[in-house]
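None of the figures in this text is laboratory data; all of them are computed from the coordinates on show. Everything numeric here is computed off the predicted structure, so don't read it as measured data. Cβ atoms come from the backbone with ideal geometry, glycine included; neighbour counts cover every protein chain shown.
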């Protein structure tokens, strides 16, 4: 069943509007980073099916870390980047080992997220960077949080406090998935007011299938990349943070 789950999730990661739009936004943010002589060393934490490893390989020499042996087995069928088992609160790398560490929607799964961010700072070299995303606003709690076994959702203040306390300086911190936020908020609040269903809880990703609607939503989401490089968006379903390790 684990392999079936990863195969299904891999298809979603490749085509679903949320993942496609998010990658476009990451492209914009990563383009701001300074060139690293000899190539950037990247650690991608929580790569799941390997899609982010493939994506991040365009920005340097990437190594992946995940807690799941099954995730690593599956990802090795899709990409050739090095990967290893590890925990975000105890990364088995030397201090200052990487130029960039990424953790996309990982912190909300961790009991002690402050310790996790401190560990990201430890393995990141001085003046190196971290790119993080987390889900936003506790009132948006819904099926996706239950399916994904989230511990919490965040406000910008929550994330800023944790990131700065760990030894990072914020370069960009913004909500995103802003243009679609009214629809997402309305759907999630309406579900909660109606009460839970008697059937199995389903992921939000099952709501949109490949096609014109999916492509349109991807384009709308991706358009936020140009806004994020100029403005701090006031609301959104998620938060993105680009931070620099203090010297």
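General remarks:
- Helix axis angle, 2-15 relative to the chain longest principal axis, alpha carbon, degrees: 90 degrees
- Likely footprinting exposure, 227, 120, 132, fewest C-beta neighbours within 10 Å first: 227, 132, 120
- With a Förster radius of 25 Å applied to the C-beta separation of residue 183 and residue 27, the computed FRET efficiency comes to 0.55.
- Taking every DSSP beta bridge that has both ends in the chain, the antiparallel portion is near 45%.
- Distance from the range 1-64 to the range 84-115 (C-alpha centre basis), Å: 15 Å
- C-alpha center-to-center spacing [the range 122-139, the range 146-185] in angstrom: 9 Å
- Debye-formula intensities of the chain, expressed as log10 I(q)/I(0) at q = 0.09, 0.11, 0.13, 0.15 Å⁻¹, are -0.37, -0.57, -0.81, -1.12 (one equal scatterer per alpha-carbon, no solvent).
- Packing order of peptides 98-104, 121-127, highest average first: 98-104, 121-127 (average count of other Cβ atoms within 10 Å over each peptide's residues).
- Taking the longest Cα principal axis of the chain as reference, the axis of helix 156-165 is set at about 20 degrees.
- Take 216-225, 184-193 and order them by the average number of nearby Cβ atoms within 10 Å per residue, most first; the result is 216-225, 184-193.
- Against the chain, whose longest principal axis is taken from its Cα atoms, helix 17-30 shows a tilt of about 30°.
- A Förster distance of 41 Å, applied to the separation of the beta-carbon atoms of residue 192 and residue 5, puts the FRET efficiency at 0.95.
- Where the Cα pairs of the range 4-93 fall when distances are cut into 5 Å bins, in %: 2, 13, 23, 23, 21, 13, 4, 1, 0
- Converting the Cα gyration tensor eigenvalues of the range 1-56 into ellipsoid dimensions via √(5λ) gives semi-axes, longest first, of 26, 15, 6 Å.
- For the range 118-177, the equivalent ellipsoid derived from the Cα gyration tensor has semi-axes of 25, 13, 10 Å, listed largest first.
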